[in-house]
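This report refers to the structure that appears directly beneath it.
The values are calculated or read from the model by the stated rules, or taken from the named source; none is laboratory data. Because the structure is predicted, anything quoted here is derived from the model rather than measured. Counting neighbours? That spans all protein chains shown, and the Cβs are built from the backbone with ideal geometry, glycine included. The accessibility values were calculated without ligands, DNA or RNA, using every heavy atom of the protein model including side chains. Shrake-Rupley method; radii C 1.70, N 1.55, O 1.52, S 1.80 Å.
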Amino acid sequence: MIARTALLLPLLATSLFAQTTDKPGVSIRFRALAFDDAIPAASYLEGDTLRRLSIPNNALTPEINYKGPHTLRFITIDEETLKPRPLTPDMTAAIQRLRRAQAVALQASDEFAQITRLLDTLNFQITESIRKPSTGDQAQIEALNERLKELSAILAAASKETEEANLLILRLESAPQEPPKDAPKKGGKAPKPTSTPTAEYTFQKDGNYLLLFSSGGNGHQILAMDDAEGIFPYGSFQFINLTGKDLELRYPERKVTLRANARTVVKNPGADHQYTVAEVHTKGDDGYVLGHGYRSLQQPNVRSLVFLLPIPDEPYAIRSKTIEDRRPAAAAATK
């Protein structure tokens, strides 16, 4: 490993330093949803343009096309809000965990892109010279490819950690909160906001995404879920487990395990336009206990985000919150 590091240093110093440090932008399409309170006065930056966007908490926004820097920044201003709620120790720890995972992913992604460009350059030079790669060339290429494998593993782990941290933040946000001691009395005037909450997300690649906003203290976090075709199709249900415990979804003829702070996409086993009941069981010390019955209608042109949430002071009971997304009429007509 020491020899490989020594080999990479001069390569990166001579070949990468000369290249531009500006990363190409991304081209994405996204829809957004606020998990808790709606965000009626949000805006996002596209180049030098500030575009307004209201983010509801009971539906997804229309699809938005964005082309620009990898990091998409939102500015949210709520003139009716109270003073920012102080963070609990658990929320602070969860946000710090998220930030660490994002930093690891960003650093690994940058290095991955640099090494990929360097490999392309080396291969091009070898091809142009119409010769077989020398022993030195081969050693460089093997070392760089080995590092790409290591970075791929780092990126996969960081992506998993980022999602788990985001879902933990959602779970903490859904928990009942004590009102702040300095909350205004009923009928009194709310104090003016003291700052502007912001949120941002760095996209590693082009694609379609669902952006789920959750608030934490004076700001928002964003969980970006890949919405490529086939991942969360119409006619399916995406269950998001925010109970803090492992669950089982039990249909009449199948069973789906859903661990804490995780999500899964399920197609109802029933026929279209028929109702189905999924028993949601909570894992306890002595096995699984029935916590909720989720009754749903199978609709081929509707997909549903289903948040599974705990009920305070009920160790096994679960409540659900469903957001339905209907296929656009023009697209549905072609199916």
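A few notes on this one:
- Nearest-10 value in Å² for the accessible area of residue 311, using the 1.4 Å probe: 60 Å²
- Checking the cross-link pairs 283/321; 149/255; 205/267; 67/267 against a 30 Å limit on the alpha carbon distance flags 149/255; 67/267 as lying beyond it.
- These residues, 48, 110, go from largest to smallest accessible area, 1.4 Å probe, as 48, 110.
- Estimated distance in nm for a label pair at residue 106 and residue 313, the labels positioned 7 Å out from Cα along Cα-to-Cβ: 4.3 nm
- FRET efficiency, residue 160 to residue 116 (Cβ-Cβ, R0 25 Å, nearest 0.05): 0.70
- Label sites at residue 228 and residue 63, each approximated as a point 7 angstrom past Cα along Cα to Cβ, lie 1.6 nm apart.
- As a ratio to 2.2 N^0.38 Å, the alpha-carbon radius of gyration for the range 218-335 is 1.13.
- Sequentially through the range 288-296, phi angles give Karplus couplings (6.51, -1.76, 1.60; θ = phi - 60°) of 8, 10, 4, x, 6, x, 9, 9, 9 Hz, Gly and Pro residues having no value and appearing as x.
- Two-site label geometry, residue 27 and residue 251: point separation in nm, points 7 Å out along Cα→Cβ: 3.7 nm
- As a calculated quantity, the FRET efficiency between residue 52 and residue 132 at R0 = 51 Å, using C-beta atoms, amounts to about 0.30.
- Rounded, prolate or oblate (a/c below 1.5 giving rounded, otherwise prolate when a/b exceeds b/c) for the range 227-273 by Cα gyration tensor: oblate
- The range 276-329: C-alpha pair distances exceeding 18 Å, %: 41 percent
- Applying 1/(1 + (r/R0)^6) with R0 = 56 Å to the Cβ-Cβ distance of residue 141 and residue 274 gives a FRET efficiency near 0.45.
- Positive-end ranking of 256, 328, 317 along the dipole of the range 199-335, with charges on Cβ about the Cα centre, is headed by 328.
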